[in-house]
Amino acid sequence: MFSVEQSCWFIRKVICWRAAASVAWAVLLLPPSIAVFVIISRVSLLHPIQWISECVSLLTSATAIFSFILLCGVVLIVGFLNLEYYTVIPSIACSKIALLGQLLHPRQFVSSLVHCILGVIVAWCCAVTIGGRYQTLGYPCTQADGSPQLCLNEYQVILLLAGAFVGYCHSVLGVIHNMNYVSFHTVQQYKYLRFKGSLPLVVKCSAIQALYSVRNYLVVYFFLGYVPRTWICKTLNLQLNSSLHPLDTIAGLLDFSLLYHLWISGTFLLFTWYITLLLFRIFVTEVYSFPVQSSFTEDVHQCLPKVLTGQQPAILKFLALHDLALLSQHSPSRRSEVFSLSQPGGHPHNWNAISQECLSLLADLTQRLVAHHDTVATNGRAKSLSTGSDKKSLSSESSVTSGTEDVMTPRPSVLIKTPASVFLRSSVGSPLTVPFTPDLDSPFSSPALRRLAGPVEQCSPWHGTVQSPHIMRRGPKLWSTSTDSQANSLPSSPAPVPSPTPAASKPSLLAQFLQNRKEQVLQSDCCPEPELLDQIRLLIDSLPEASSQALFADTQSHIWALEGLSYLVKASFSEDQFGVVQTTLPSILSSMLVLQEAVDRHFKLPHASSKPVRSTSSMEDSSYKTLRFALRATLKTAIYRITTTFGEHLNAVQMSAEHQKRLQQFLEYKE
Amino acid sequence: IFKHEVFDNQPFVIPLSLYFPRESLKPHSRTESSSKAAFLDHCETLWMRSAAAWRDAGLTGLLNEIANSSAEVPKWLSVSSGCVLALLQRISSFHGSLFPHLTLSSEDMIAEFSQVLKWSDCAVRAFAWHPHTDKFAVALLDDSIKIYNPKSATAPTLKHRLQRSVAAVQWKPLCASALAVACQNCLLVWHVDPCSLSTRPSSGCAQVLSHPGHSPVTSIAWSPSGSFLVSASPMDTNMMVWDVAAESCVPLQRVGGGGVTFLSWSPDGSHVLASTPAALFRVWETRMWTCERWPCLKGRCQSGCWSPDGSRLLFTVQGETVIYALTFTDTPGIPSNTKGPKAAAVVADLSETTFNTPGGDIVVGGEIQSLAWDPRGERLAVLLKGQEHFSLDRPAMIAVFKTRTSPIFELLPCGFVQGEPGTEPRLMQFHPNFQHGALLTVCWSNGRITHVPFYFLSAGMARHGLGGSPPQPRPEERPADYINQTLYTELTT
């Protein structure tokens, strides 16, 4: 878990304070939101004066203050969870089983549990505030035999359980939609304006989300409501009032005032949490201006070149790159520091460190793309043992490997070369990803799995060999190697998956639904198959374009590196007095061109260029889904920025003939 | 760094003038509901009709449907929906009385706020030079866009289902292929591969950017760095900043003014001019996206243009015949506390003047439709609206000024550009990188597009070799300038 002692100065001095400030603002926003909640929950248009006076007296009462204190505690804990679970690199589950793994992870379990409890607390506050029949858990009543007893107030139970359910849904949906992902906005705005701009969205999202959660909750309560009710009755020794309708009947649930209060309470709960999340996102992603150089040696580790090259917290690296992109665009004085020479010695240390780091980022991405392309080109097979340690090994080696070897591909080596592994080493940034996602996330990992996860339309040979051999003949090009190796690999293929069989035997509701959907699709497809196999396949099937998303999960850093480099190079045309940029210009250009080639190739793959569906009315930040398009556009613009600035002078730059030719295309605006 | 050699031996090849006869272009006359009349009336249940009304016209449609079918619904329902409908109409008419432009239809609104003179009957509705090459795009009356490139024989035609009533087109800077189109209901960004030989790129090449309530789009502007696209609609108080690659947008809302009509991004990328339908315009600073409010006295800001270094903004106000200037001194990047200027200065008065010419007296002047400043900051073209008065006919005309920004700002009259008899200029734009001076492209009312070159020495060189401009070949395409000598003489004031 999080420990202040081990974390770096940046987390300690900046991120923690930002998180604290965001929580403080969230607490400050509580009183107005409570007031609005009270007014809305007690609305009675027929008696407006009584309504207002009741609200005022309630807001000044002791219960209101007590629930305010409770809610402050809730917001504090939610803020702490935000800080604990946030990540700047989303963990993208490439298949349903990976998603299931994420959901069942102990860390996530803790989070869900905490959210449930917090939900109950908020719902209790709501119950007390709404008052009336929701006020207490027990009330005195007379049984049929006339003896006075303490009865269970089911109205409060249903509200408290609704809080728990909405809290649980919030935490589960948070995993599915990557709610803990913090994205950086391309348009800079002041915090207040950004908050003001997002506020209507937050209200809308929480209302809609609460509506859906309450609907699902009512269904659950209708079927299973008696379980918690009898349990509470037993433990608290309360009686059920037999003269009243139980609420888990249709007549009991069709109480509009009850539904309204459930919905309002759910909205209030989600609103306070979303506000906390929104403020956290806004505060954490605020630009931090790092000094380019410092005259004091003790501050050197806080300077931009040092911070950029460090790997530790991903957020620090991201903020440093963001700062670099901004300074290269907007700040001539800071640019001049980048271009300056060291005082004794006259070395361009700043520029060297910055450009090297940016170039290595680009090279890393290029390598990743090439490796992914190779994996896909060989249809997911093939990375033999040696490829585990050597990324550049040619794909030709691969065709020799046998199926059993495929399955045995050691995962430790795979772990190291996962796309986000550079950043994953810091468990602060993305703790959720560690045990489950990397091996499934990674496009290079467990080839057997990948093979199974091939697109349905291709009629992958696995089904072919099992089911109907004639299908094999339809797609022989896809699988040119011997079929027996695949047959070998088949029975043990689910092995790398963390427990597919139990999961398959009791698929979640979601999986069931998705399976039904898929079956409809499959009916028109070529391969009918037994249900069990279908379920397993469904779980390990890679979600379309998820591998592409996972590949570009941290691409915001590359986008900034490209922008920073290109703007600095452009500025160097007039500002670089010592010509420090000239020495690295060829490598910058060639690495950009190589990356351009790799990106172009990647976009020719299926699913890579399909646009994800835009979801506008949700708190989920889906910007990671479009990062690859942003990268492609930024890359082209970056190259054009350099070519338009330097023009014909670029012909004098030493480069390979192929790159010269490519560059000429850019000079003539033909790309 | 790049000094332009003026004395080239081979004459510059001026792009061909194009001619789009008004008669050959068929405008879209189809409206959304007109096809309904062609079908027989079909009896549907109330539920179906309500659902269709909700889908087509939202809440008002639903209420209208319920109020109209009083025979089928309970009386209280039809009466209450009629009341709600009346209330909504009251509110919207009150809103409309605050902002009169909201009552216009979207075609009229585009015509009202467009930079093009008399947009609705214009054969050429929008024109855009590519910022780096000699390529240009022309949007025509029939809602198609044609792209002409002197280096290629093919002229692709872009058509899209959503490409209706094009108000503006602009090429993305630092990119060869992307063209943004402001349409009636959305924004389109076409990706036209410059190497492709296809004459009809499929509509799959276009990205559709839309946001609820953000239509019709009357103005768009790319940031000079090519990273953002801003769009404006008079119906929407939000100005949208689009990240085109990700198809996401950030709405920047300022309620005052009731909408945004015209956008212009300064060439250095630091400011954006955003005018509103009310007597108010804003100048946004693009680093943190904050804005300065500039209330005008008389009318709305009709047009504006930036000097090449982004330090000076010229703008005109509807109902006035003068050009104002604003100077922004803060260097980009250093957020200074000192705000820009406190008031705009009048730099030119274009009120009616009579010129004695050999052909008779000509009256020139009046309100200004649009402004264009050449990329080197030496020529300013002003499109005058003209007036068809019963006694005195004042044609629309382009007046050209010489400008100089350093050491002090100077604006000197230079000449007029007039078309063939009976035609008037509708739209103009300077070529972004003409080697020998400035090249003004004018679209005329008869559908012709011509290019008017101005040959001159760059300011830096002119100071060394003073005197008049060098003698230049007079291009054939140049329309009759009745005092075209002034184009080439230094005024000695």
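Please tell me if A:Asp576 is more than 26 Å from the chain's Cα centre (by Cα) and either under 27 Å from A:Trp351 (Cα atoms) or modelled with pLDDT of 90 or more (or both). Considered against the rule, which asks whether it is more than 26 Å from the chain's Cα centre (by Cα) and either under 27 Å from A:Trp351 (Cα atoms) or modelled with pLDDT of 90 or more (or both), A:Asp576 comes out as yes. Of A:Ser618, A:Ser656, all but one fail to be over 22 Å from A:Ile92 (Cα atoms) and in contact with a helix residue (DSSP H, G or I) (Cβ under 8 Å, 6 or more places away or on another chain); the exception is A:Ser656.
Assess whether B:Ser70 counts as being at pLDDT below 85, assigned to a loop (DSSP other than H, G, I, E, B) and not assigned by the TED database to the domain that holds B:Gly258. Before you say what the answer is, go through the steps one by one.
Values: at pLDDT below 85: yes; assigned to a loop (DSSP other than H, G, I, E, B): yes; not assigned by the TED database to the domain that holds B:Gly258: yes.
Yes, satisfied.
Of all residues in segment A:98-133, exactly one satisfies the criterion of being among the charged types (D, E, K, R) and closer than 20 Å to A:Leu173 by Cβ, namely A:Arg107. The requirement of being open to solvent by 20 Å² or more (accessible area, probe 1.4 Å), touching a residue at least 60 places away in the same chain (Cβ under 8 Å), of a type in the set (Lys, Arg) and in the same structural domain as A:Val88 (by the TED database) is fulfilled nowhere in segment A:131-144; no residue meets it. Among the residues of segment B:228-279 satisfying the criterion of being within 11 Å of another protein chain (Cβ to nearest Cβ) and of a type in the set (Ser, Thr, Tyr), which is least open to solvent (accessible area, probe 1.4 Å)? Among residues in segment B:228-279 that are within 11 Å of another protein chain (Cβ to nearest Cβ) and of a type in the set (Ser, Thr, Tyr), the one least open to solvent (accessible area, probe 1.4 Å) is B:Ser270.
Residues are listed down the side, and each one gets a yes or a no for (1) at pLDDT 90 or above; (2) open to solvent by 50 Å² or more (accessible area, probe 1.4 Å):
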{"site": "B:Leu326", "(1), (2)": "yes, no"}
{"site": "B:Thr331", "(1), (2)": "no, yes"}
{"site": "B:Pro341", "(1), (2)": "no, no"}
{"site": "B:Val347", "(1), (2)": "yes, no"}
{"site": "B:Pro358", "(1), (2)": "no, yes"}
{"site": "B:Gly366", "(1), (2)": "no, no"}
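Which one of the conditions (1) facing another protein chain (nearest Cβ under 9 Å); (2) surrounded by fewer than 16 Cβ atoms within 10 Å (Cβ to Cβ); (3) touching a helix residue (DSSP H, G or I) at 6+ places or on another chain (Cβ under 8 Å) does A:Glu668 fail to meet, given that it meets all the rest? Of (1) facing another protein chain (nearest Cβ under 9 Å); (2) surrounded by fewer than 16 Cβ atoms within 10 Å (Cβ to Cβ); (3) touching a helix residue (DSSP H, G or I) at 6+ places or on another chain (Cβ under 8 Å), only one is false for A:Glu668: (3). In segment A:145-162, of all residues being in a helix (DSSP H, G or I) and more than 30 Å from A:Val175 (Cβ to Cβ), the one that is most open to solvent (accessible area, probe 1.4 Å) corresponds to A:Tyr155. Out of B:Arg312, B:Arg300, B:Arg293, one residue alone is modelled with pLDDT of 90 or more, more than 14 Å from chain A (Cβ to nearest Cβ) and surrounded by fewer than 16 Cβ atoms within 10 Å (Cβ to Cβ). It is B:Arg293.
Segment B:122-211 holds strands (runs of 3 or more DSSP E) entirely within its bounds, and those carrying 1 or more residues that are modelled with pLDDT of 90 or more and within 12 Å of chain A (Cβ to nearest Cβ) map to B:168-171, B:178-182, B:187-191, B:206-209. If you check B:Arg287 against the conditions, is it under 23 Å from A:Ser331 (Cβ atoms), within 14 Å of chain A (Cβ to nearest Cβ) and open to solvent by 30 Å² or more (accessible area, probe 1.4 Å)? Answer is yes for this residue. Restricting attention to segment A:563-597, the residues that are more than 14 Å from chain B (Cβ to nearest Cβ), under 24 Å from A:Gln343 (Cα atoms) and open to solvent by 20 Å² or more (accessible area, probe 1.4 Å) total 5. From the list A:Leu240, A:Leu270, A:Leu258, the one residue that fits, being within 36 Å of the chain's Cα centre (by Cα), in the same structural domain as A:Phe222 (by the TED database) and at pLDDT below 95, is A:Leu258.
Selection within segment B:218-227: residues that are over 21 Å from B:Met109 (Cα atoms) and either open to solvent by 30 Å² or more (accessible area, probe 1.4 Å) or small (Gly, Ala, Ser) (or both). The member of this set that is nearest to the other protein chains (Cβ to nearest Cβ) is B:Gly226. Can you confirm whether B:Ser336 is closer than 23 Å to B:Arg282 by Cα and modelled with pLDDT of 90 or more? Taking the combined requirement at face value, the residue does not satisfy it.
Look at segment B:271-283: where a residue is under 18 Å from B:Asp309 (Cα atoms) and a partner is modelled with pLDDT of 95 or more and polar (S, T, N, Q), sitting 6+ places away or on another chain with Cβ atoms under 6 Å, you get B:Leu273/B:Ser264.
Yes or no: segment A:177-195 includes at least one residue that is away from chain B (no Cβ under 12 Å), outside any loop (DSSP other than H, G, I, E, B) and free of Cβ contacts under 8 Å to residues at least 60 places away in the same chain. Within segment A:177-195, none of the residues are away from chain B (no Cβ under 12 Å), outside any loop (DSSP other than H, G, I, E, B) and free of Cβ contacts under 8 Å to residues at least 60 places away in the same chain. The sole residue among A:Phe290, A:Phe280 that is closer than 20 Å to A:Arg18 by Cβ, touching a Ser or Thr at 6+ places or on another chain (Cβ under 6 Å) and not assigned by the TED database to the domain that holds A:His602 is A:Phe280. A Cβ distance below 7 Å, combined with a sequence gap of six or more or placement on separate chains, defines the contacts here; from segment B:201-214, residues that are not assigned by the TED database to the domain that holds B:Asp243 reach no residue that is open to solvent by 50 Å² or more (accessible area, probe 1.4 Å). I'm checking my understanding of the structure. Among residues of segment A:196-212 that are within 30 Å of A:Ala325 (Cβ to Cβ) and open to solvent by less than 30 Å² (accessible area, probe 1.4 Å), which one is nearest to the other protein chains (Cβ to nearest Cβ)? Here the residue is A:Ser198. Might you check whether a residue that is within 14 Å of another protein chain (Cβ to nearest Cβ) and under 28 Å from A:Leu316 (Cβ atoms) occurs anywhere in segment A:611-621? Yes: segment A:611-621 contains one or more residues that are within 14 Å of another protein chain (Cβ to nearest Cβ) and under 28 Å from A:Leu316 (Cβ atoms).
Residues that are of a type in the set (A, V, I, L, M) and not in a strand (DSSP E or B) were ranked within segment B:212-239; the one that is modelled with the lowest pLDDT is B:Met235.
The values are calculated or read from the model by the stated rules, or taken from the named source; none is laboratory data. These numbers come from a predicted model, not from an experiment. So basically every Cβ, Gly included, is an ideal-geometry build from the backbone, and we count neighbours across all protein chains shown. Keep in mind that these areas ignore ligands, DNA and RNA; they rest on the heavy atoms of the full protein, side chains included. Shrake-Rupley method; radii C 1.70, N 1.55, O 1.52, S 1.80 Å.
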